[in-house]
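Engineer: Below are the structure tokens for one structure; questions will follow.
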Amino acid sequence: MRLALALVLALVSCSVLPDPNASPRVPVEPVVIPTISNVAACGSALKSLATVKASAALLPHRVDDLVVFGLDGSFFASGVPGQRWFETNTAGAITREFDWAMQGRLLQSPDGARIVFRAADPASREPALFVRDLGTSARLLAAGVWSPQSWPDADHVFVRADDDPSPLFSLDVRSGALATVFQPPALPEPAREVDDEYLTVSGDAHFAMVQRTDLDGFFFETHLYDVKADAFVDTTLPKTNEVFLSPRGDLAAWVQGGELIAMHLCDQKPVVLAGLGSFAAPFVGGIRWSGDGRFLSITSGVTDALRGPRAVLVADLERGRAALLVDPWGFISRWSPDGAYVVLSRGAEDRLAKLTIAAR
């Protein structure tokens, strides 16, 4: 069984030097740290999205495996676990280089104020999880081989233990208190032979979803588990379409019959967000969410080292907007805390881009 928190984005290994061929005359401003998104469990009504224009202008900044916006007062920082890191200003010039002996995955909070990462504890020399406000030194949170998964709110991070990834824990970044929020239940018997099984947890950890594929690779079963009730419940989630859960709140989204559909798991009332029209399959990589659940993107067409996708659909659920990026350099793999910048990926390369979504 594959265990994964919804929409954990795979990190793409790369090392890209500043590109003199970046889009000209693109104004670059420091990232605005937003307030917490109001996309929460049944807290905001879903509605159809208005279609607007958008652009993703390439910037010259160096982009490596991991990125942090606003680190130590810089505009953008990027580096490789346990290796050299580079801080850059808004123009893309490198302003500082330093070594960072962190390990594995780094996760910036959706409000941009904090990062959590794994490194060796200087006292014990054993792996531990640390938290750092962007302008301060790191604090020890928890000893052990922990991997951060998502931020359900500004003061907690969901984590899994690498040596036992089944349970999901909530770690309070203020006190270091650790609490179990999800333990996988016994799963329903499948209707037929299963090739693969996916168990994902909603961003608020109130629900878990099981999806199964058959030997031909087609989805054929979906089950919804209510964590608080400790029981599987009836669901209107589709059985034959892959569903993607937001990393915050209880939103689920999927593509079905040429439409982008979403719903809150707590009320299970599907809403058509947008008709996809000529935005055609194959949809590679599924639906990718931003860390706060405000934005999502869908990639149409294959991306490789030489070409970007045919198009990328970007949806801003908070403002009720949807826009199409035609022939972008790559697919959207990461978002800045304010949604103003994205990392575009293709092959083994990443590029930073300024994302502009029209108001109307």
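Engineer: Among (1) part of a strand (DSSP E or B); (2) of a type outside the set (V, I, T); (3) crowded, with 21+ Cβ neighbours inside 10 Å, where does L224 come up short?
Structural biologist: If we test L224 against (1) part of a strand (DSSP E or B); (2) of a type outside the set (V, I, T); (3) crowded, with 21+ Cβ neighbours inside 10 Å, just (3) comes out false.
Engineer: While we're on this one: When you check F75 against the structure, is it aromatic (F, W, Y) and either surrounded by fewer than 20 Cβ atoms within 10 Å (Cβ to Cβ) or in contact (Cβ under 8 Å) with a residue 60 or more places away in the chain (or both), yes or no?
Structural biologist: It is false that F75 is aromatic (F, W, Y) and either surrounded by fewer than 20 Cβ atoms within 10 Å (Cβ to Cβ) or in contact (Cβ under 8 Å) with a residue 60 or more places away in the chain (or both).
Engineer: Just name the residue that is nearest to the chain's Cα centre (by Cα) out of those in the stretch 257-271 that are surrounded by 14 or more Cβ atoms within 10 Å (Cβ to Cβ), in contact (Cβ under 8 Å) with a residue 60 or more places away in the chain and part of a loop (DSSP other than H, G, I, E, B).
Structural biologist: Among those that are surrounded by 14 or more Cβ atoms within 10 Å (Cβ to Cβ), in contact (Cβ under 8 Å) with a residue 60 or more places away in the chain and part of a loop (DSSP other than H, G, I, E, B), it is L265.
Engineer: For residues that are small (G, A, S), in contact (Cβ under 8 Å) with a residue 60 or more places away in the chain and not in a loop (DSSP other than H, G, I, E, B), tally how many sit in the stretch 303-360.
Structural biologist: Within the stretch 303-360, residues that are small (G, A, S), in contact (Cβ under 8 Å) with a residue 60 or more places away in the chain and not in a loop (DSSP other than H, G, I, E, B) number 6.
For every residue, the table says whether it meets (1) within 22 Å of the chain's Cα centre (by Cα); (2) modelled with pLDDT of 95 or more.
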| site | (1), (2) |
| --- | --- |
| H223 | no, yes |
| D230 | no, yes |
| S246 | yes, yes |
| L251 | yes, yes |
| A280 | no, no |
| W289 | yes, yes |
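Engineer: Residues being of a type outside the set (A, V, I, L, M) and out of contact with any Phe, Trp or Tyr (no Cβ under 8 Å at 6 or more places or on another chain): count how many of those fall in the stretch 267-291.
Structural biologist: 10
Residue-wise test of (1) more than 19 Å from the chain's Cα centre (by Cα); (2) at pLDDT 95 or above.
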site: S300; (1), (2): no, no
site: A305; (1), (2): yes, no
site: W335; (1), (2): no, yes
site: L344; (1), (2): no, yes
site: L355; (1), (2): no, yes
site: R360; (1), (2): yes, no
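Engineer: Looking at the stretch 157-203, what strands (runs of 3 or more DSSP E) fall wholly within it and have at least 1 residues that are free of Cβ contacts under 8 Å to residues at least 40 places away in the same chain, surrounded by 14 or more Cβ atoms within 10 Å (Cβ to Cβ) and in contact with a Ser or Thr (Cβ under 7 Å, 6 or more places away or on another chain)?
Structural biologist: Result: 164-172.
The values are calculated or read from the model by the stated rules, or taken from the named source; none is laboratory data. These figures come from a predicted structure and were not determined experimentally. Heads up, the Cβs are rebuilt from the backbone with ideal geometry, glycines too, and the neighbour counts pull from every protein chain shown.
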